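Below is one structure, written out as structure tokens; the observations come after it.
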Amino acid sequence: MKNLTVSVPDDIYRLARVRAAESGSSVSALVAGYLRSLGDREAEFARLVAQQNQVIAEVDRFSGRDRLDRDGLHSRAVR
């Protein structure tokens with residue numbers, strides 16, 4: 001495990017200590033959790049991009065010309 005030194009204003013440090021105490025952890029644990037979440041968000045973003053690319057690849061074709069006109073749309077309405 002690596003040590004990390006961070007400089008923050010006093011009010012931010014006090015707030016972090018209070019939050020850590022409320023959650024029964026330490027400021028170091030809060031910071032470690034935050035840094036871990038950065039990697040989690042990047043992984044989630046990469047997963048979503050891959051999912052989007054897969055969906056785009058599965059769409060055979062789309063044409064705006066194939067749309068129904070107003071009357072055709074209303075005739076398909078469930079009544």
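Data table
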read-out	value
Around R47: net Lys/Arg minus Asp/Glu count, Cβ-Cβ under 14 Å	-2
For peptides 70-76, 28-34, sequence by mean Cβ density within 10 Å, most packed first	28-34, 70-76
Dimensionless Rg ratio for the chain, taking C-alpha atoms and the 2.2 N^0.38 Å reference	2.21
Cα-based helix-to-principal-axis angle, 27-58 vs the chain, degrees rounded to 10	20
C-alpha long axis of helix 10-22 to longest principal axis of the chain, angle in °	80
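Rule-based calculations on the coordinates, nothing more; no lab input. Keep in mind the model is a prediction, meaning the values are calculated, not measured. Positions of Cβ are backbone-derived with ideal geometry, glycine not excepted, and every protein chain shown enters the neighbour counts.
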